[in-house]
Each structure stands twice: as C-alpha cells, then as structure tokens.
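S.K.: Provided herewith is a single structure, encoded as structure tokens, for subsequent inquiry.
The values are calculated or read from the model by the stated rules, or taken from the named source; none is laboratory data. Keep in mind that what you see is a predicted model, and the values were worked out from it rather than measured. Please note: Cβ atoms are built from the backbone with ideal geometry, for glycine as well, and neighbour counts cover all protein chains shown. Surface accessibility is based on the protein's heavy atoms, side chains included, excluding ligands, DNA and RNA. Shrake-Rupley method; radii C 1.70, N 1.55, O 1.52, S 1.80 Å.
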Amino acid sequence: MEIVTLKVNASNEGMRIDSYIAQELNFLSRSYVQKILKEGGVVVNGQQAKASYRLLKDEQIIFTIPVEQESSILPENIPLDILYEDEELLVVNKPKDMVVHPSAGHSQHTLINALIFHCKGKLSGINGMLRPGIVHRIDKDTTGTLVVCKTDRAHQSLTSQLKIHNITRKYRAIVHGNFSKEQFTIDDPIGRHPRERKKMAVNSKNGKPAITHVSVLEYFKGYSYVECILETGRTHQIRVHLASIGHPLLGDSLYGPKRCPFSGLRGQTLHAMLLGFQHPVSGKYMEFAALLPEYFQKLLIQLKLEY
C-alpha cells in the first residue's frame, strides 16, 4: 500500500473531500477515491471521513492507496500504435473514438482492454483496477500521444513530473474563427461547471490554475489551425480555454456549436502531437511525436481549398 498526506490550503476550504483528493492526486479518478473513502481509507485529523465531508483550512488528510487485486477487466487483442516501449512504460498513439479506460457505457474495447492484452497484465496498479497504468488521459475523440506505466516506480515518477509541470505536451487543433494575435497565453482557472456536471468551465471561485500557450499556425476562412502547449493539465483544458474566448474547437458539440458544419466529423479536432518527459529510471529526456490522423489532414486540405 501507499500512504499520501495532504494539507488543505485556504483556496480549497469548503470543497468536498472526494473532489479535493481526485484533484490533488490527478492519477486517481473521483469514483476510485469515493471507493477508498467508503472503505475507511481516508483519515482527517485522526477521524475516518465520508465522501461528502467539507474541508477546513489546514486540515491534514491521510489517504491510503491499497494494493489492488488482479483486474477484472478482460484483455482484448486490439491493435495498438506503439511509439515506444521498454520494461517501465510505453507510449501509444491513441486513435479517435477510443475510450481510454472502462466506465459506464464503455466496459469493452477501451485502450485499457488492449493494454492488458499487450502487456500481459503487467501495468502499474497505483490508479486502481479500472485504470491500471494510466497517468494522464485524453478524451475519447482526442487522438495522439499517451504514456502508460508498467511499474509503480514509473507511475510515481511521471505523476511527480506532471505535478511540477515538467512534462512537455503539445497539441494541434482546428478552432472556429481567427485571432488578432498569432501568439498568446490563456491563464484562467478551470473548475467544474456550476450547473452542468459533464462540463468544466473557467471558474475563478473554485477553479484550479490552468495555463495554455497558443500559437496560430495557419488561418483559413472562418477557422484557424493552432498549436497549444499545456503548462497545466486540467480536465478539458484546451477545449474550455479556447471556448471561453469565443474560439471553440471544430466539432466540439459540448463546448461549441451543436451542429458541425463538416459532415462525418465526430467530436473535437484535437490531437496530442508531442509528449516529452524524463525517463523514470535513466533520467534521460525523451520526446515522442504522433502524426496527424488522416481525418485531420483531410480537413486541413479542405479548409485550404476553401480559403
């Protein structure tokens, strides 16, 4: 088991403890945190806490991550586009329309099902049975680079690198509209949407710091092709930040127009182009790039022809 100690600061006072832990330990899902709370694995100032407990400033939280039993997720022989692999980790190029881990409505055909088959079950168990090896996630309709850990040692190292913003993450996106500047930074906190639970939003009251650096690569008629570099990694960060300034991602019906002007496009045009980090054992800095998917390249060609 692993024991993690957290101390509540003033900005987190009043939060539910399950939300706070999932936010601070972003390699754990909220549902997994709730499971540990229900089993008595979270102690606040010496007392076991419930998921609904509201935090007070300076309280100390002791969170115990248990050793998980063998995963009940079935392995599936799904082809993987592997960019790199060794005994500690692997980097994959996730395709569009693939969910990263099982959840309600997606119990099969996920990246985790494929990874369990490929790695023969040898994946880090820190993030629980439903998300073995997963350090960070990308959405179902987002494509590109994703690192997966085979060992707990690798998982802990990469989680630490994420926490201090020491991982390079460059994305490519097509967004609605054109910009007045070719380079700019969006520095606005992101938190849960106050009314719609499936959405995140720029939230100065309860949000966490979120920074996205944007560079315009090419202009089209009514659209722009951009590169986004994440300094932080909040849920839906790029989608929320760009939508908040009036430039939602093309195809993003959650944060942008409900109707997509391009037939056949499923979900947001967002691609995790490049991922860089220090290897957890050698300490060597490594970068991995995934080519734009075919649908994305075709869209760019179509937009150029219409410009």
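S.K.: Provide the per residue accessible area, probe 1.4 Å, for the chain, rounded to a whole number of square angstrom.
M.R.: Values: 15370 Å² over 307 residues.
With all protein chains present, the chain gives 50 Å² per residue.
S.K.: Could you name the lysines whose alpha carbon sits less than 21 Å from that of Lys120, not counting residues in the same chain fewer than 8 places away?
M.R.: Cα-Cα hits under 21 Å: Lys94, Lys150.
S.K.: With n ≥ 4 as the cut-off for DSSP H runs, can you work out [θ] at 222 nm for the chain, using -39500 (n - 2.57) per run divided by the number of residues, rounded to the nearest 500?
M.R.: Numbers: 6 runs with 58 residues, N = 307.
Per the formula, -5500 deg cm²/dmol.
S.K.: Region 247-307 to region 140-164: how many Å between their Cα centroids?
M.R.: Centre-to-centre distance over Cα atoms comes out at 19 Å.
S.K.: Ok, one more. With all protein chains present, how much of the accessible area of region 205-296 (probe radius 1.4 Å) comes from carbon and sulfur, to the nearest whole percent?
M.R.: Looking at region 205-296 in its full context, I get 53 percent from C and S.
S.K.: Right, next: By how many nm would the segment from Ile62 to Ile164 grow when fully extended, if each residue of separation counts as 0.36 nm and the alpha-carbon distance is taken off?
M.R.: Working: separation 102, 0.36 × 102 = 36.72 nm, distance 2.12 nm.
Working it through step by step, the gained length comes to 34.6 nm.
S.K.: With each label point set 7 Å from Cα along the Cα-Cβ vector, what nm distance links Gln48 and Gln183?
M.R.: Simple spin-label model gives 5.5 nm for this pair.
S.K.: Within straight cross-link reach of Lys205, meaning Cα distance under 18 Å, which lysines are found once same-chain residues fewer than 8 apart are removed?
M.R.: Cross-link targets: Lys57.
S.K.: What is the gain in length, in nm to one decimal, between Gln278 and Asn206 on full extension, counting 0.36 nm per residue of separation less the C-alpha to C-alpha distance?
M.R.: Working: separation 72, 0.36 × 72 = 25.92 nm, distance 3.17 nm.
Separation in residues times 0.36 nm, less the Cα-Cα distance, equals 22.7 nm.
S.K.: Apply the Debye scattering formula to region 232-287, with a single equal point scatterer on each alpha-carbon and no solvent, then give log10 I(q)/I(0) at q = 0.28 Å⁻¹.
M.R.: -1.12
S.K.: With P(r) over Cα pairs in 10 Å bins from 0, in percent as the read-out, I listed [x] 6, 26, 34, 25, 8, 1, 0; [y] 7, 32, 40, 19, 2, 0; [z] 7, 29, 36, 22, 6, 0, 0; which label goes with the value calculated from this structure?
M.R.: The listed entry that was calculated here is [x].
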